[in-house]
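The values are calculated or read from the model by the stated rules, or taken from the named source; none is laboratory data. Fair warning: this is a prediction, and the values are worked out from it, not measured in the lab. Backbone-built Cβ (ideal geometry, glycine too); neighbour counts: all protein chains shown. Only protein heavy atoms, including side chains, enter the accessible area calculation; ligands, DNA and RNA are left aside. Shrake-Rupley method; radii C 1.70, N 1.55, O 1.52, S 1.80 Å.
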Amino acid sequence: MKTRLVLATMPLAGLVACGGAASGSSAAPSLAGTPAASAPGTPTTDGPEPVTSPTQVTPTTPTPSVKPVTSSQPADAPPPTSTKPISVERSPVPPPMVTGVRYARHAAFDRVVVDLAGARTGYSVNWVPKLVQDGSGAVVKIKGGAYLQVALFPAYAHNEAGQPTWKGPREVAVKLPNVTHVVKTGDFEGMVGVGLVLKHKAGFRVIEQSSPTRLVIDVAH
């Protein structure tokens, strides 16, 4: 596989409806491009989106950007409790492209959704002492009480022409109850990194969804 290096940035625009495992709460701004009238970083409220074939993992094409999410699941859904790292291996051909990241506040947890164009791919979600930019090794200078590193592989955040498919600023202040920032930590050698800055360590879960392909990370408040 040829190596492609493109560091894209993610917009502060609001998130679109992403269909998830739990919700009922008001939507917050997202990282994935979608029609939204709110200003960057300002939560919006959208109608619930039907959930299609969710597959929870425990231990049309989406538009580019970072924005708020709404979901059709009950607002009283329980928060995740496990803090164990998660890793899933897959080798789709061709690898999917990350087109955006969205986020939302729910009653008992915060939700971050990674939108992909293409098949489901491998990923890992791990606790790290700090967030580091892939390739350069530069430390992300955002203070937090805990850091979750999400890595998708194989995957890209740019197309064959080298143009970013996940557009916008590299760091977005989402200001949720526990998740304070979402950071693009890399698009390097077939791996896309998404870092979550938290106020404190808490339980999390990962949910895979299809039509379109999404990876959902819920983090307890």
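Pop a pseudo-label 7 angstrom from the Cα along the beta-carbon direction at both S87 and S210 and give the gap in nm to one decimal.
2.6
Between K201 and N159, what is the label-point separation in nm under the 7 Å Cα-to-beta-carbon projection?
Output for this residue pair reads 4.3 nm.
What number comes out for accessible area per residue over the stretch 71-167 if the probe is 1.4 Å? Units Å², please. Write out the running numbers ahead of the final one.
Working: 4320 Å² over 97 residues.
Result: 45 Å² per residue.
Please give, to one decimal in nm, the separation of the simple spin-label points placed at K130 and A108, each 7 Å out from Cα toward the Cβ.
Taking the simple label geometry, K130 and A108 are separated by 3.6 nm.
With the full set of protein chains in place, find how many percent of the accessible area of the stretch 111-182 is carbon and sulfur; take the probe as 1.4 Å. Kindly include the intermediate steps, with their values, before the conclusion.
Numbers: 1580 of 2850 Å².
Roughly 55 percent, rounded to a whole number.
Over the stretch 69-160, what portion of Cα pair distances is larger than 20 Å, expressed as a whole percent? All intermediate terms of the calculation are to be shown ahead of the outcome.
Values: 2154 of 4186 pairs.
That tail contains 51 percent of the Cα-Cα pairs.
Using only the Cα atoms of the stretch 76-221, what do you get for the radius of gyration and for Dmax, in Å?
14.3, 45
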